[in-house]
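Enquirer: Just dropping this structure here.
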Amino acid sequence: MSLFNLGEKAYVMLENGRIFEGYSFGAKGTSFGEIVFATGMTAYEETLTDPSYFGQIVTQTFPLIGNYGVNDEDYESKTSVVSGYIVREWCNTPSNFRSEGDIDAFLKKHNIIGIHTIDTRCLTRIIRESGVMNGVITTENVYEKKDEFMEKIKSYKIVNAVKSVTVSEKEYYPAENGKYNVVLFDFGYKYNIRRELVNRGCNVTVVPSNTTAEEIKAMAPDGIMLSNGPGDPAENVEVINNLKDIAKLNIPTFGICLGHQLMALANGAKTEKLKYGHRGANQPVIDIALDKTFVTSQNHGYAVISDSIDSEIGEVSHINANDRTCEGVRYKKFPCFTVQFHPEACGGPHDTAYLFDEFIGLINKCKEDK
């Protein structure tokens, strides 16, 4: 963004009272949310359209955002559900043959308040040291409304996250020469999960998050995919209870991110909120069986507690090389495996796309065993 045209003033205020002053881009107004940071150097379009960011104000740690513009083909969902967007600098002259507009227009279109020209490095350090905290992003004078805003910040809580982003009815996506029928639970799924399945010959039926075991049984799918999504996994009591019955169907199942957490909760494990989460495209994960470390794309604020997994039901299959948190579970009593990271990657590294092939292999094995 040209320093000669900074725009109107905008502010970010944290739950600890710290105020950052910057300049407005995108929509005008005031929005409350949980302030998090994402470390990706690219893929800001995918970040902005990832439903897992529901209720959160996203800070990009990379200093220049928007240099290759935006285009509808890179969206990971139909819209954007972030509560605000914080960058050091945004580019108002994107250069890319695929670009259909700039990030300022994108934010205005989706009514998202943005702020630029603030010290994102300092803000990120505060979150790393103190943990994720609530805050407000506003184009109003924060000093005049400080007490009012602080009261709302302290009472803010992300609720009904999955219910807010899931589809309301089934959606069908056929593959060319489709060989398998897969049900994709929409807890806030990223489109690239569906693309990876379709590219492997799967006819995909996206279903609402509250779809029951009886409904799944009537569809008779070859496999079940549990998607990523936003919020506290333990909040989804109805889904967790459904998954207990779905597991009894013995249909090959693959879970990603929130889907991984929900399946763990359905099998008696526990989850915990991380200090500042894993959000970015550079998280190292160890596949224990392969004894290899892969670079992964991640976006989550909760994790499954490894010690809470019943050894008779499942075992940890992947661990985070940085903080040793659980990154995957393989189940022993029914055909299911889940991972915390994003093997569909987009955007990010493709190191773990092999897990989709493993899912197809599990489907084939179960077909042969029948």
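The values are calculated or read from the model by the stated rules, or taken from the named source; none is laboratory data. These numbers were taken from a predicted model, which means no experiment stands behind them. Here the Cβ positions follow ideal geometry from the backbone for every residue, glycine too, while neighbour counts run over all protein chains shown. What goes into the accessible areas is simple: the full protein's heavy atoms, side chains included, and nothing from ligands, DNA or RNA. Shrake-Rupley method; radii C 1.70, N 1.55, O 1.52, S 1.80 Å.
Enquirer: Among the candidates GLU45, GLU21, which residue alone is touching a residue at least 12 places away in the same chain (Cβ under 8 Å), over 21 Å from LYS163 (Cα atoms) and over 26 Å from the mean Cα position of the chain (by Cα)?
Expert: Answer to the selection: GLU21.
Enquirer: If I go through the range 152-179 residue by residue, how many of them are open to solvent by 80 Å² or more (accessible area, probe 1.4 Å), among the charged types (D, E, K, R) and within 18 Å of SER227 (Cα to Cα)?
Expert: Residues that pass the stated criteria total 3.
Enquirer: Can I ask one more? How many residues are on the phi < 0 side of the Ramachandran plot and open to solvent by 10 Å² or more (accessible area, probe 1.4 Å) when one looks only at the range 242-268?
Expert: Qualifying residue count for the region: 10.
Enquirer: Go through the range 130-151 and give me each residue that's among the hydrophobic types (A, V, I, L, M, F, W, C) and open to solvent by less than 10 Å² (accessible area, probe 1.4 Å).
Expert: Residues of the range 130-151 that are among the hydrophobic types (A, V, I, L, M, F, W, C), as a first pass: 132-133, 136-137, 142, 149-150.
Within the range 130-151, VAL136, ILE137, VAL142, PHE149 qualify.
Enquirer: Output the residues belonging to the range 185-204 that are hydrophobic (A, V, I, L, M, F, W, C) and open to solvent by less than 30 Å² (accessible area, probe 1.4 Å).
Expert: Within the range 185-204, PHE185, PHE187, ILE193, LEU197, CYS202, VAL204 qualify.
Enquirer: Would you please name the residue that is most open to solvent (accessible area, probe 1.4 Å), looking only at residues in the range 39-63 that are at pLDDT below 95 and among the aliphatic types (A, V, I, L, M)?
Expert: Only one residue fits best here, namely MET41.
Enquirer: With the condition kept exactly as written, say whether any residue in the range 130-141 is in contact with a helix residue (DSSP H, G or I) (Cβ under 8 Å, 6 or more places away or on another chain) and in a loop (DSSP other than H, G, I, E, B).
Expert: Checking the range 130-141: not a single residue is in contact with a helix residue (DSSP H, G or I) (Cβ under 8 Å, 6 or more places away or on another chain) and in a loop (DSSP other than H, G, I, E, B).
Enquirer: Of the residues VAL239, VAL182, which single one is open to solvent by less than 40 Å² (accessible area, probe 1.4 Å) and assigned to a strand (DSSP E or B)? Talk me through it step by step, then tell me what you get.
Expert: On the way: VAL239 fails: assigned to a strand (DSSP E or B).
Among VAL239, VAL182, only VAL182 is open to solvent by less than 40 Å² (accessible area, probe 1.4 Å) and assigned to a strand (DSSP E or B).
Enquirer: For the range 97-120: of the residues being open to solvent by 20 Å² or more (accessible area, probe 1.4 Å), polar (S, T, N, Q) and modelled with pLDDT of 95 or more, which is farthest from LYS28 (Cα to Cα)?
Expert: Step by step, filter the range 97-120, then rank; the result is THR117.
Enquirer: Something else about it: Report yes if some residue within the range 351-361 is open to solvent by 10 Å² or more (accessible area, probe 1.4 Å), in a strand (DSSP E or B), in contact (Cβ under 8 Å) with a residue 60 or more places away in the chain and among the charged types (D, E, K, R); otherwise report no.
Expert: Within the range 351-361 (the criterion being open to solvent by 10 Å² or more (accessible area, probe 1.4 Å), in a strand (DSSP E or B), in contact (Cβ under 8 Å) with a residue 60 or more places away in the chain and among the charged types (D, E, K, R)), the answer is no, since none of the residues qualifies.
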